[in-house]
Amino acid sequence: MDSLLGFLVLGGVVFFLLNSGGSSNKKKSRNNPPHSSSRSSSTYKSKPATSTKVSTIRGEGWVPTYEGPMFSQPGEVGELFSYASYSGAYSLDAPFALIDFETSGFEAGQAKVLEVAIVKMDSTGKILGTFSTLINPGDGEVGRTDIHQISLSMLKNAPKMSEVIGDLVKFIDSTIVVAHNAKFEERFLNAALTDSGINLRGIPTIDTLWLSRQVIKLPNYKLATVIDGFGETIENAHTAMGDVLAMTKILPSMLKMAKPIKYPSQLVQSPVVKTSGKVLPRA
């Protein structure tokens with residue numbers, strides 16, 4: 001009898017331990033499912049539509065934003081550029097200077113400009129002048145050649161930024177600067193001006209990353225997507241002049257579709273600077 005009782009007690013203890021352990025394991029499995037991701041489900045988005053047909057969105061309340069120090073904000077007054085918006089203090093009538101840099105990296109304090117292209121045009125799309133040159137960075141670094149297709153050998157006889165900065169400043173005198181994600185160009189141009197001791201501030205600027213979001217609805221606002229959204233193409237993409245010429249095709253249309261644009265500052269007259277006339281355009 002005592003043996004039977006002891007056997008039953010022992011069996012009950014074993015049964016309790018096995019079931020309590022199993023229950024614990026099931027709970028753990030529910031809380032931490034296999035292959036679960038640590039990212040919130042809100043970071044996953046459905047695949048965007050592939051169509052890039054132009055769609056006017058003014059008045060629909062659909063205005064995506066880009067926030068953070070890498071992007072300009074409408075109406076912002078930066079270190080060099082003062083950015084357009086719909087609520088600025090000044091309406092301006094002046095030529096546009098569409099500008100693009102190819103660089104050895106993304107950080108202006110570390111990377112260098114390898115190529116600059118500027119096209120001056122009016123609001124109708126008429127080209128008023130061009131400026132383009134490769135630039136010797138002076139440090140032997142060219143970064144992602146697979147993207148911009150600039151090799152160190154191409155820059156051997158190119159002028160340095162210190163030799164062309166005066167020509168660049170003179171070219172954008174009393175213009176409205178235009179660039180796609182203009183904060184990038186602002187950082188590199190401001191670094192070049194600082195290195196050369198040239199004081200220039202408050203240049204009225206249209207960031208087409210902002211402007212395109214006001215007038216067309218697209219799956220994203222990369223330059224290539226925006227150009228395609230207007231039924232145009234980029235020839236020689238990721239060359240400074242190729243990207244700028246692509247923007248000249250669509251800027252007049254965007255300006256017509258947008259509300260009246262205003263700026264935080266008036267036109268800026270460039271200071272008297274030394275020019276060299278040295279240029280080495282990409283072949």
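Only the coordinates and a few stated rules stand behind these numbers; no lab work does. All figures in this text were calculated on a predicted structure; none of them were measured in a lab. Cβ sites come from the backbone with ideal geometry, for glycine too, and all protein chains shown count toward neighbours.
Some values worked out for this structure:
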| item | result |
| --- | --- |
| Residues of the range 98-141 with amide N under 20 Å of a point placed 7 Å along Cα→Cβ from Ser162 | 104, 108-116, 133-141 |
| Separation between Cα centres of the range 67-98 and the range 110-129, rounded to whole Å | 17 |
| Per DSSP, loop chymotrypsin sites (Phe, Trp or Tyr not before Pro) in the range 103-171 with at most 15 further Cβ within 10 Å | Phe106 |
| Dipole moment magnitude, nearest 20 debye, the range 81-257 about Cα centre, only Lys, Arg, Asp, Glu C-beta charged | 360 |
| 32 Å Cα-Cα threshold exceeded, pairs from Lys156/Lys256; Lys112/Lys217; Lys160/Lys217; Lys222/Lys256 | Lys156/Lys256; Lys112/Lys217; Lys160/Lys217 |
| Relative contact order %, the range 81-257, counting alpha carbon pairs below 8 Å whose residues are six or more apart | 27 |
| Residues Phe106 and Asn236, FRET efficiency given R0 of 22 Å [Cβ-Cβ distance, rounded to 0.05] | 0.55 |
| Interchain or long-range residues, amide H under 5 Å from Ile176's placed H | Phe96, Ala97 |
| Förster-model FRET efficiency, 45 Å R0, Ser123 and Lys274, C-beta, rounded to 0.05 | 0.90 |
| Translational diffusion of the range 81-257, µm² s⁻¹ [Kirkwood Rh, Cα pairs; Stokes-Einstein; 25 °C; 0.890 mPa s] | 148 |
| Estimated FRET transfer efficiency (Ser153, Asp173; beta-carbon r; R0 41 Å; 0.05) | 0.75 |
